[in-house]
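Have a look at the structure below, then the notes.
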Amino acid sequence: MGRQPSWAQYLSSKEPTIAGEALRRAFIKLDTALKPRIPLGDISGCTACALLITPTHVICANAGDTRAIIKSRGIVTPLSEDHKPKEPNEYARICNAGGFVSKGRVNGELAVSRALGDYNYKNAAGKRAEKQPVTCEPEIRIHIRCTGDELLVLACDGIWDVMNNAKCMERLYANMGKAGGKLTGKALENVLDECLQLDSYDNMSLVAVDLAAEQ
């Protein structure tokens, strides 16, 4: 293989698939680097979603059920897919690597099929990282930026457990309206409070980017 592009080249490239490949490799490299640092017997893991915003594209890399969505030209669109064990592609990979799916969980235990960590589900002999029952390999999706781009949202599954994509965006805009149309920390905090009132008990983090403000 030839010499790999530098990060500067990735970031300046007008070809978003090059940046997407850089993110994919970064997830795998990070997962490999973390393994020897995890105490023996620790079965912890986490989902991960990363967004690279360039002047021309938004590149999303996702592993697990953290989710990114975008509102563009008035339409709310997901930038990532929740990786659940029962999804056909995920189910096939799990079974091909010697695992199984029971009650919607990998080996009857783990509710997501892609994650960093969770190394006890990554021991299939002779299988690359991408082919393990639980893989750290992210799915890459690319959005072409346009003048109609409005708001970008990245959130943990505790929010998606009680709000769908459209509802989350609607509540965020409603709370921004209370702040004179500005994206503020308080607007995001109010959405989190609403999720708590809807009895969400899972992890909750919420990040938003006002793309319209850049135009």
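The values are calculated or read from the model by the stated rules, or taken from the named source; none is laboratory data. This one's a predicted model, so the numbers in the text were calculated from it and none came from an experiment. Reconstructed Cβ throughout: ideal geometry from the backbone, glycine too, with neighbour counts over all protein chains shown. To get the accessible areas, we keep the full protein, side chains included, count just its heavy atoms, and leave off ligands, DNA and RNA. Shrake-Rupley method; radii C 1.70, N 1.55, O 1.52, S 1.80 Å.
Points worth noting:
- Pick from region 108-154, criterion within 20 Å of residue 34 (Cβ to Cβ) and β-branched (Val, Ile, Thr), ranking: nearest to the chain's Cα centre (by Cα): 112
- So residue 14, is it open to solvent by 20 Å² or more (accessible area, probe 1.4 Å), farther than 27 Å from residue 204 by Cβ and either at pLDDT below 90 or part of a loop (DSSP other than H, G, I, E, B) (or both): yes
- Filtered residues of region 84-107 (kept if in contact with a Ser or Thr (Cβ under 8 Å, 6 or more places away or on another chain) and closer than 20 Å to residue 41 by Cβ): 106
- Residue match in region 85-98 (condition: open to solvent by less than 10 Å² (accessible area, probe 1.4 Å), in contact with an Asp or Glu (Cβ under 6 Å, 6 or more places away or on another chain), within 24 Å of residue 164 (Cα to Cα) and not small (Gly, Ala, Ser)): no
- All positions within region 159-183 that are assigned to a helix (DSSP H, G or I), in contact (Cβ under 8 Å) with a residue 24 or more places away in the chain and among the aliphatic types (A, V, I, L, M): 159, 166, 169, 172
- For residue 81, the conditions (1) farther than 27 Å from residue 163 by Cβ; (2) at pLDDT below 95; (3) under 17 Å from the mean Cα position of the chain (by Cα) all hold with the exception of (1).
- For region 28-70, the set of residues classified as out of contact with any Phe, Trp or Tyr (no Cβ under 8 Å at 6 or more places or on another chain) and β-branched (Val, Ile, Thr) consists of 28, 32, 47, 53, 54, 56, 58, 59, 66, 69, 70, listed by residue number.
- Residues in region 184-215 that are part of a loop (DSSP other than H, G, I, E, B), at pLDDT below 90 and of a type outside the set (Ser, Thr, Tyr): 202, 203, 215.
- For region 47-72, filtered to residues that are in a loop (DSSP other than H, G, I, E, B) and among the hydroxyl-bearing types (Ser, Thr, Tyr), the residue that is most open to solvent (accessible area, probe 1.4 Å) is 56.
- Note on region 169-213: among residues that are charged (D, E, K, R) and within 23 Å of the chain's Cα centre (by Cα), the one that is nearest to residue 151 (Cα to Cα) is 210.
- Residue 40 being among the aliphatic types (A, V, I, L, M) and under 24 Å from residue 158 (Cβ atoms): no
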